[in-house]
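K.L.:
Attaching a single structure in structure tokens format; questions to follow.
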Amino acid sequence: MALSLKYYLKEIFRIEWLKKFLFARTAPLGTPTYFRNFPELTGKTCTHALFCMMACPAPGAIEVIKTPEGWQPRIHIGHCIRCGLCVEACPNGVLSSGRILESMFYDNTALSFSFRIDVDTDKCMGCGNCAVACPVNKLIDAQMSFGGRASTDELLLMVSAGKCRAVHVEKCTGCKTCEDNCPNKAISVTRLLEAIHCPEEDL
Amino acid sequence: MSLLQRVKNFVRSRSIHVAYVDVGSCNGCDIEVLACLSPRYDIEQYGIYVHNNPREADILLVIGAFTPGWEDKLRSVWDKIPEPKAAIAIGNCPISGCLYNRPHTLIDPPVAKHIPIAAQVPGCPPRPTEILSAVLAVAPVVFKDFEVKKR
Ligand code: SF4
Ligand code: SF4
Ligand code: SF4
Ligand code: SF4
């Protein structure tokens, strides 16, 4: 009787078991290495392509600023949602986060940008401010002035028959200068971000 | 340090009551706070107990971008919490408004405008481990020797 009681007590109050029961700790408070954290700089040279800022969905999360070492993206923690789109969008691999760069390399994926320009013809009064302000137009026809009258049909935006028309949408760089300069908020630029798979091309 | 103070320090370090309030979020951060309760993270092993009574709470987790409906209510929730107390902003929303901080939205971030915030956990949403380590980091700073510091 006494022996079995002793045996039971010994079984119940095993030191390792008591330790485990009282001081158990499950998951360590660590972060796995593959976790997609706030993007970090890899040290490669930023060419001020601004693809990161274009891809970023969060307001005020990323800025490309000029430092003594050249251009550099800055991630604003508290705004960044860690989506990793800037990492994927950068053509130079300046940013990295988790395994994004590795998996892009193995899967041969990339992000492609295109832009869609919508003009609300009810609101547009054909002033041509957008066509004059557009920096792409400026490169094609530096002489363009008030009214946005087109001298060549190579232009991105032009006014014809009293309404603004986007002729060569594929030339748009998505700067949204036209939006800012339209007095009637008639023109809107939409960014279309597509993930593409390019088995042939080398990234 | 008096014996009483030592006992208080010990008890407070092992018994942190947490209340959370969602002042207009997408529910993402709520789910991450909930995940802290799961066996994978198991916050009760650290002496943290989550319930939703501000009158019993020590730490208030604020989630969300502060919608107009909370204008008068968040302050009263905060005032109900007995001293010593601390508020932690969980996620980007209470820090910056996150994706909702655009023209013509009704939100009014940061939450620090409305109640004092002791710590911020950025992320959309933050990992449960980040929430946990924020609570564990804030608790000793606020609660240890509270009576001594107050004097
Ligand atoms: S990770 Fe996403 S939210 Fe953060 S800076 Fe990059 S694109 Fe913006
Ligand atoms: S977004 Fe910029 S480049 Fe595109 S049409 Fe407007 S001004 Fe021109
Ligand atoms: S879209 Fe706006 S800026 Fe461009 S022509 Fe029409 S009214 Fe003028
Ligand atoms: S920080 Fe992100 S996940 Fe959290 S409530 Fe705001 S939008 Fe949702």
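K.L.:
What's the average, rounded to a whole number, of partner chain beta-carbon atoms within 10 Å of each residue's beta-carbon in B:96-106? The partial results should precede the final answer.
P.N.:
Working: counts 9, 5, 8, 7, 1, 4, 1, 1, 0, 0, 0.
If you average over the peptide's residues, the count of other-chain Cβ atoms is 3.
K.L.:
Could you tell me what fraction of 2.2 N^0.38 Å the Cα radius of gyration of the protein assembly as shown comes to, as a two-decimal ratio? Intermediate values should be presented prior to the final figure.
P.N.:
On the way: Rg = 28.3 Å, N = 354, 2.2 N^0.38 = 20.5 Å.
In units of the globular-protein estimate, the protein assembly as shown measures up at 1.38.
K.L.:
While we're looking at this one, here's another question. I'd like the FRET efficiency for A:D153 and A:D118, computed as 1/(1 + (r/R0)^6) with the beta carbon distance as r and R0 of 22 Å, rounded to 0.05.
P.N.:
Values: r = 20 Å, r/R0 = 0.93.
For R0 = 22 Å, the calculated efficiency reads 0.60.
K.L.:
Using only C-alpha atoms and all pairs of different ones, pull out the Kirkwood radius for chain A in Å with one decimal. All intermediate terms of the calculation are to be shown ahead of the outcome.
P.N.:
On the way: mean 1/r = 0.0467 Å⁻¹.
About 21.4 Å for chain A.
K.L.:
Then there is this: For chain B, would you read off the P(r) tail past 25 Å as a percentage of all alpha carbon pairs? All intermediate terms of the calculation are to be shown ahead of the outcome.
P.N.:
On the way: 3109 of 11325 pairs.
Distances greater than 25 Å cover 27 percent of the Cα pairs.
K.L.:
Another question, if that's okay. Starting from the Cα-Cα distance between B:K113 and B:I31, subtract it from 0.36 nm times their residue separation and give me the gain in nm to one decimal.
P.N.:
Numbers: separation 82, 0.36 × 82 = 29.52 nm, distance 2.48 nm.
Between B:K113 and B:I31, full extension yields an extra 27.0 nm.
K.L.:
Here is a follow-up. Pick from A:S112, A:S151, A:S96 the residue whose mean-square fluctuation is largest in a GNM of chain A, springs joining Cα atoms under 10 Å.
P.N.:
Of A:S112, A:S151, A:S96, the most mobile in the Gaussian network model is A:S151.
K.L.:
Something else about it: Suppose each label sits 7 Å from its Cα in the direction of the beta carbon; what would the A:T42-B:E56 distance come out to in nanometres?
P.N.:
That separation, rounded to one decimal, is 5.2 nm.
K.L.:
Figure the gain on full extension for B:S15 and B:K150 (residue separation times 0.36 nm, minus the Cα-Cα span) and round it to one decimal in nm.
P.N.:
On the way: separation 135, 0.36 × 135 = 48.60 nm, distance 2.06 nm.
Answer, rounded to one decimal: 46.5 nm.
K.L.:
Something else now. Over the protein assembly as shown, with the other protein chains present, what is the accessible area per residue in square angstrom, probe 1.4 angstrom?
P.N.:
Details: 20480 Å² over 354 residues.
Counting only protein heavy atoms, the per-residue value for the protein assembly as shown is 58 Å².
K.L.:
Next up: Note down the magnitude of the dipole of the protein assembly as shown about its Cα centre, charges +1 on Lys and Arg C-beta and -1 on Asp and Glu C-beta and zero elsewhere, to the nearest 20 debye. Before the final figure, lay out the partial values.
P.N.:
Values: 39 positive and 36 negative charges, 357 e Å.
The calculated dipole for the protein assembly as shown is roughly 1720 debye.
K.L.:
Which of B:Y46, B:S13, B:A119 sits farthest toward the positive end of the charge dipole of the range B:3-150, with +1 on the Cβ of Lys and Arg and -1 on the Cβ of Asp and Glu?
P.N.:
Of the listed residues, the answer is B:S13.
K.L.:
In whole Å, what is the distance between the alpha-carbon centres of the range A:89-131 and the range B:91-151?
P.N.:
Each part's Cα centre sits 33 Å from the other's.
K.L.:
How many percent of all Cα-Cα pairs in the range A:40-106 sit more than 14 Å apart? Don't jump to the answer; show the numbers that get you there.
P.N.:
On the way: 1169 of 2211 pairs.
Cα-Cα pairs of the range A:40-106 separated by over 14 Å account for 53 percent.
K.L.:
Contact order normalised by length for the range A:1-142, with contacts defined as Cα pairs under 8 Å and 6 or more residues apart; what percent is it? Mind dumping the intermediate values first?
P.N.:
Values: 133 pairs, mean separation 30.8, N = 142.
Relative contact order for the range A:1-142 comes out at 22 percent.
K.L.:
Then there's this: Please give the FRET efficiency for B:M1 paired with A:T33, using the beta carbon to beta carbon distance and R0 = 51 Å, rounded to the nearest 0.05.
P.N.:
Working: r = 42 Å, r/R0 = 0.82.
Rounded to the nearest 0.05, the efficiency is 0.75.
K.L.:
Given contacts defined as C-alpha pairs under 8 Å and at least six residues apart, what's the relative contact order of the range A:40-106, whole-number percent? Numbers along the way, then the final one.
P.N.:
Working: 97 pairs, mean separation 25.4, N = 67.
Relative contact order of the range A:40-106: 38 percent.
K.L.:
Mind checking which of A:L3, A:T109, A:C56 is farthest towards the positive end of chain A's charge dipole, using Cβ charges of +1 (Lys, Arg) and -1 (Asp, Glu) about the Cα centre?
P.N.:
The Cα lying farthest towards the positive end belongs to A:L3.
K.L.:
Accessible area lost on pairing B with A, both sides, 1.4 Å probe, Å² to nearest 100?
P.N.:
On the way: alone 8160 and 13970 Å², together 20480 Å².
So the total buried area for this chain pair works out to about 1600 Å².
K.L.:
Full-extension gain between A:L139 and A:K176, please, as 0.36 nm times their residue separation minus the C-alpha to C-alpha distance. Mind showing how you got there, number by number?
P.N.:
Working: separation 37, 0.36 × 37 = 13.32 nm, distance 1.62 nm.
Working it through step by step, the gained length comes to 11.7 nm.
K.L.:
Averaging sequence separations of C-alpha pairs under 8 Å and six or more residues apart, then dividing by the length of chain B, give the relative contact order as a whole percent.
P.N.:
Working: 272 pairs, mean separation 40.2, N = 151.
Reported relative contact order: 27 percent.
The values are calculated or read from the model by the stated rules, or taken from the named source; none is laboratory data. The model shown is predicted, which means the values in this text are computed figures rather than measured ones. Here the Cβ is made from the backbone with ideal geometry for all residues, glycine too, and neighbour counts use every protein chain on show. Side chains are part of the model used for accessible areas, which takes the heavy atoms of the whole protein and leaves out ligands, DNA and RNA. Shrake-Rupley method; radii C 1.70, N 1.55, O 1.52, S 1.80 Å.
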